[in-house]
Amino acid sequence: MKTVIWPISIPSCGKVVIVASKTLVEIIFHGRGGQGAVTAANLLAVAALQDGNKGVQAFPFFGAERRGAPIRAFARISGDEINLRSEIYEPDIVIVLDESILDLVDVLKGLKPHGKILINTRKKPSDFPFSKQFTVATVDATGIVISHDIRVGGIPVVNTPILGAIPRILDRVTLKSLQEAIRGKWEGKAELRERNVQATQDAYAKTEVGA
């Protein structure tokens, strides 16, 4: 986890006292346009707030937004209020919604020592060479959404099973709160809502976490 620094001025001595918070978790989502990375970050923030975290943020990187283009989204979760407003450069967790992104983007850039990476893939965590350096978790999110027929324009949207896998590597958010956040987003679409909820349940059960 990252230590966040807030300076506080003390008039009597004219100096600055540094107060550190060690509760901040920073997360980067890597995906392609249309896969729901931004929605995933937003739903994660909603769920984290429901789980009692006082500080949450979710925001996209404003780059190319065309369907299929690589995109990034960011989330912060903290037990304290968050005063940071920058992009995330040294994440605690990286989440990859499309395995092919690994060939285009250095998703490990800035990942903290002993950081965690969650990948949508059929492979096992030990199949990735960086599994000796970081904790790798894998889940076949694409296969799960195909089995539940969760598509937009014929394209599988993998954000909800990816969300279901997150509690396997992050104890600051629960599967129950994620499912409630999903129900809230698709409140008027009962069938689609429950298919997405079931996708999170399946992903939670099927996620493999490396040693």
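Since every read-out is calculated from the coordinates, none of them should be taken as a lab result. Source: prediction; values computed, not measured. Neighbour counts are summed over all protein chains in view; Cβ atoms, including those assigned to glycine, are modelled from backbone coordinates with ideal geometry.
Some observations on this one:
- Across the chain, the longest piece that holds none of the trypsin sites (Lys or Arg not before Pro) lying in DSSP loops with up to 16 other C-beta atoms within 10 Å covers 124-188.
- The chain - charge dipole about Cα centre, Lys and Arg +1 at Cβ, Asp and Glu -1, debye rounded to 20: 160
- Under 12 Å, Cβ to Cβ, from Gln133 - net charge with Lys/Arg +1 and Asp/Glu -1: +3
- Charge context of Trp186, other residues only, Cβ under 12 angstrom, K/R +1, D/E -1: +1
- Near Val158: Cβ cut-off under 11 Å, other residues only, Lys/Arg at +1 and Asp/Glu at -1. The net charge is -1.
- A crude spin-label estimate for the pair Gln201 and Tyr89, with each label 7 Å from Cα along the Cβ direction, gives 4.4 nm.
- Taking the number of Cβ atoms within 10 Å of each Cβ as an exposure proxy, the fewest-first ranking of Phe61, Phe29 is Phe61, Phe29.
- The alpha carbons of segment 23-209 stretch over 41, 37, 33 Å along the principal axes, in descending order.
- Longest exposed-site-free window of the chain, the sites being GluC sites (Glu not before Pro) in a DSSP loop that have at most 14 other C-beta atoms within 10 Å: 88-186
- Computed on the chain, with alpha-carbon pairs under 8 angstrom and 6+ residues apart, the relative contact order is 19 percent.
- Per-residue Cβ neighbour rank within 10 angstrom, fewest leading, His30, His148: His148, His30
- Principal-axis tilt of helix 175-185 within the chain, Cα atoms, nearest 10 degrees: 80
- Compactness index (Cα Rg / 2.2 N^0.38 Å), segment 166-210: 1.21
- Nearest-ten-degree value, helix 190-206 long axis tilted from longest Cα axis of the chain: 70
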